[in-house]
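Take a look at the structure below.
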Amino acid sequence: MTRRAHVGAEIFDGDVLHDGKALLIDDGTVRGICSVSDLPEGYKVNEHDGGTLMPGFVDLQVNGGGGVMFNDETSLDGLSAIAEAHASTGTRALLPTLITDKADRTRLAVDAVEQAIAASVPGIIGLHLEGPHLSLERKGAHDPALIRKMETEDEDFLISAAARLPNLMVTVAPESVTIDQIARMAHAGVIVSLGHTDCRMDTAVAAFDAGARCVTHLFNAMSQIGNREPGLVGATLSAGGVFAGLVADDIHVHAETMRVALSAKKGPGEIFLVTDAMSTVGSRIAEFELNGRRVLRRDGRLTLEDGTLAGADLEMIRALRVVVGRVGVSKAQALRMATGAAAKCLRNPLCAGHLLGGPVSNVVHLHSDMARAEAL
């Protein structure tokens with residue numbers, strides 16, 4: 001039996017940032033956090049030169065990585081490549097995300113994620129289906145030819161998929177689904193997220209009351225807050241039980257807008273970080289295709305040829321630097337946004353987002369400059 005006490009670094013447990021503490025690892029499992037002066041006997045001490053020991057990042061919107069798009073490589077091999085690319089950046093739990101596609105591709109996505117979980121592919125904890133039941137008015141980079149209203153067979157399939165997977169998040173627009181469909185999906189365990197919608201606040205509130213509990217990439221591809229109509233943004237900030245993902249690259253959302261939103265968000269629902277990452281993470285590719293359309297990688301942006309943002313050229317560790325350095329949130333809050341807050345949105349977080357009781361493989365060492373996050 002191997003017992004190790006890691007000292008010399010701050011420890012973030014998913015909720016609280018500890019200083020002057022030791023992280024206790026017993027036979028590959030995180031057993032506890034204690035004062036350095038109260039180390040139990042039998043633990044070999046590992047010294048760290050600063051930084052933070054923390055749970056790996058939790059990313060609930062990952063479209064690709066390692067040169068692979070999930071829409072193109074909707075398979076066990078594709079998921080393994082994507083997960084490996086994000087693991088190299090410190091992410092230890094993710095929802096591979098299928099962007100609006102045909103019904104047969106959606107079925108392949110569910111099958112692939114089920115296979116990946118059965119094969120214990122590190123990091124894969126469920127699936128995010130972003131579309132196709134969205135609003136044409138707020139389609140963003142989604143192919144308008146594939147966007148459609150939800151039919152009975154679609155609802156039945158999603159409810160069945162939720163029974164097969166530990167976590168199934170589905171982004172929908174109230175324009176393309178009914179309140180009853182939202183209620184039935186939520187009751188069956190689907191994590192219903194509103195996004196790509198031009199809905200009014202009263203419609204959003206009705207969807208939240210029916211069981212929708214998340215909002216996809218806050219501010220982007222949705223009705224904005226205004227003086228006479230708060231839209232989905234206003235509804236999200238004022239709804240205490242609702243979580244929201246945020247693409248914090250200072251491109252999708254201005255830093256000052258992020259600061260205002262974080263100050264205004266009513267709890268216990270929280271704003272958490274997502275990357276909305278495409279195949280560019282962990283690769284040097286300059287362009288790729290999405291539903292037959294070119295996506296260009298230029299100056300930290302990913303756009304269609306007409307300039308429409310198409311996902312993000314972003315890693316979670318850079319999102320951390322943005323919210324700390326440009327938005328001005330505390331380090332502890334930023335770490336929570338990248339770990340524990342996202343995990344709270346899941347139906348079955350497993351060990352995602354928290355240290356205690358989890359495997360040592362879930363622990364990363366974030367360097368003091370927040371430029372690298374490596375395995376312990």
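Across the chain, the relative contact order, built from alpha-carbon pairs under 8 Å that are at least six residues apart, equals 20 percent.
Helix 201-210 and the long axis of the chain differ in direction by around 60°, with both axes built from C-alpha atoms. Note on the chain: semi-axes of the ellipsoid equivalent to its C-alpha gyration tensor, largest first and rounded to whole Å, are 34, 22, 20.
Protection proxy ranking of 105-112, 57-64, by the mean of other Cβ atoms within 10 Å over each peptide's residues and highest first, is 57-64, 105-112.
Roll a 1.4 angstrom probe over the protein heavy atoms and tell me the percent of accessible area of the chain that is carbon or sulfur. Display every interim value, and only then the final one.
Numbers: 7160 of 14730 Å².
Answer for the chain is 49 percent, counting heavy atoms of protein chains only.
Only Lys, Arg, Asp and Glu carry charge here, each on its Cβ (+1 for the first two, -1 for the last two); on that basis the stretch 237-301 has a dipole of about 100 debye about its Cα centre. When only the Cβ of Lys, Arg, Asp and Glu is charged (+1, +1, -1, -1), the dipole of the chain relative to its Cα centre reaches about 580 debye.
Enumerate by residue number the GluC sites (Glu not before Pro) in the stretch 1-61 meeting two conditions: DSSP loop (anything except H, G, I, E, B), and at most 10 other Cβ atoms within 10 Å of the site's Cβ. Each step should come with its number before you reach the end.
Numbers: sites: Glu10, Glu41, Glu47; in loops: Glu41.
The qualifying sites are Glu41.
Rounded, prolate or oblate, given the Cα gyration tensor of the stretch 152-294, with a/c below 1.5 counting as rounded?
Working: a/c = 1.70, a/b = 1.06, b/c = 1.61.
Taking the square roots of the gyration eigenvalues as a ≥ b ≥ c, the stretch 152-294 is oblate.
Might you tell me the accessible area per residue for the chain, computed with a 1.4 Å probe and given in Å²?
On the way: 14730 Å² over 376 residues.
Counting only protein heavy atoms, the per-residue value for the chain is 39 Å².
Over the stretch 219-339, all Cα pairs binned in 5 Å intervals from 0 give whole-percent P(r) values of 2, 11, 20, 21, 18, 14, 9, 5, 0, 0, listed from short to long. The listed peptides 360-372, 238-250, ordered by packing as a protection proxy, come out as 238-250, 360-372 (highest mean of other Cβ atoms within 10 Å first). Toward the positive end of the charge dipole of the stretch 25-149, with +1 on the Cβ of Lys and Arg and -1 on the Cβ of Asp and Glu, the farthest Cα among Leu146, Met54, Leu95 is that of Leu146.
For the stretch 1-131, a crude dipole built from +1 on the beta carbon of Lys and Arg and -1 on the beta carbon of Asp and Glu, taken about the Cα centre, is about 160 debye to the nearest 20. Only helical runs count toward this figure. For the chain, summing -39,500 (n - 2.57) over DSSP H runs of n ≥ 4 and dividing by all residues gives -7500 deg cm²/dmol at 222 nm. Gyration tensor over the Cα atoms of the stretch 283-376: the corresponding equivalent ellipsoid has semi-axes (square roots of 5 times the eigenvalues, largest first) of 30, 17, 14 Å.
So in the chain, what percent of DSSP beta bridges are antiparallel if you round to the nearest 5?
Working: 31 of 64 bridges.
Around 50 percent antiparallel, to the nearest 5.
For the chain, take the longest principal axis of its alpha carbons; what is the angle in degrees between that and the long axis of helix 103-118, to the nearest 10 within 0 to 90? That works out to roughly 20 degrees. Separation of the stretch 24-65 from the stretch 151-166 is 37 Å, based on Cα centroids.
The values are calculated or read from the model by the stated rules, or taken from the named source; none is laboratory data. The structure displayed is predicted, hence computed values, not measured ones. Because the Cβ atoms are built from the backbone with ideal geometry, glycine has one as well, and the counts that use them run over all protein chains shown. Just the protein is used for accessible areas: all its heavy atoms, side chains included, with ligands, DNA and RNA removed. Shrake-Rupley method; radii C 1.70, N 1.55, O 1.52, S 1.80 Å.
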